[in-house]
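Visitor: Shown below is the structure under consideration.
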Amino acid sequence: MTATDPSDDGALVLFSGGQDSTTCLAWALERFSRVETLGFDYGQRHRIELDCRENLRSGLGRIDESWERRLGPDHTIDLPALGAVSETALTRDTEIAMSADGLPNTFVPGRNLVFLTFAAALAYRRGLRHIVGGMCETDYSGYPDCRDDTIKALQVALNLGMERRFVLHTPLMWLDKAATWGLAEELGGQRLVDLVVEGSHTCYLGERGERHDWGYGCGTCPACVLRAKGYTAFVAAACD
């Protein structure tokens, strides 16, 4: 397939190795006949998430044979420049706190804009029309590049700039974390929930030592707190 012949049933998933991107990958595997994955190494403190990706991809294939058939190549792009220009708690060994502008200092300016631009460039070359990301503005830290308006504006810019008709999908945009756990269960049953718990990584500090009910992590950083709160609400709803 050439770059001038994009496939309408092919998708590229931004796959970090975290809870959200794992759920999005399962979502894409349910909908598209060919699904490739893309991760980014930008010097993040929680780079261990990238090491989780291979086992997660294998685990998804074991959950559903059709998913295994549809799962295509995995790609990783090194973006050290993004980390180099980002004085943030996600790319530096510094305490996580709120900044004067009201955003947490884990915000990496332009990260999703850069990720989606590179994803579109790769999708162009691979002949893929659909790009799937785990951005969400329901349960999130206030990052402006996670907002629905941002994603819609970027889709327009990418299509104009590359003369394509890419479709940017954000299946988690209007879901809170409890609903994201619920979506995983809907897509792959308890086996997918267990895979997310055991195999994915969300902790900003990159800690993988302690095992909680909701997975591994420090338990105190914003990402762990949000994941734990969502899991507790998900389990409570299931017991009602």
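Visitor: Once each part is reduced to its C-alpha centroid, what is the distance from region 11-52 to region 131-151 in angstrom?
Guide: If we compute the Cα centre of each part, the gap is 15 Å.
Visitor: At 7 Å along the Cα-to-beta-carbon direction for both TRP174 and ARG47, put a label point, then send me their distance in nm to one decimal.
Guide: 3.9
Visitor: Given N residues in region 7-239, what is Rg(Cα) / (2.2 N^0.38 Å)?
Guide: 0.96
Visitor: Quick test of the membrane-span-like rule: which DSSP H helices of the chain reach at least 20 Å along their long axis (C-alpha atoms) with mean Kyte hydropathy at least -0.5?
Guide: Length and hydropathy pass: 111-126, 148-162, 222-239.
Visitor: Report the one residue of TYR124, VAL225, SER66 whose Cα lies farthest in the direction of the positive end of the charge dipole of region 7-239 (charges on C-beta: Lys and Arg +1, Asp and Glu -1; origin at the Cα centre).
Guide: Selected residue: TYR124.
Taken together, the values in this text are just the output of simple stated rules run on the coordinates, not laboratory data. Note that the structure is predicted; figures quoted are calculated from it, not measured. Cβ coordinates were reconstructed from backbone atoms using ideal geometry, including for glycine residues, and neighbour counts include every protein chain displayed.
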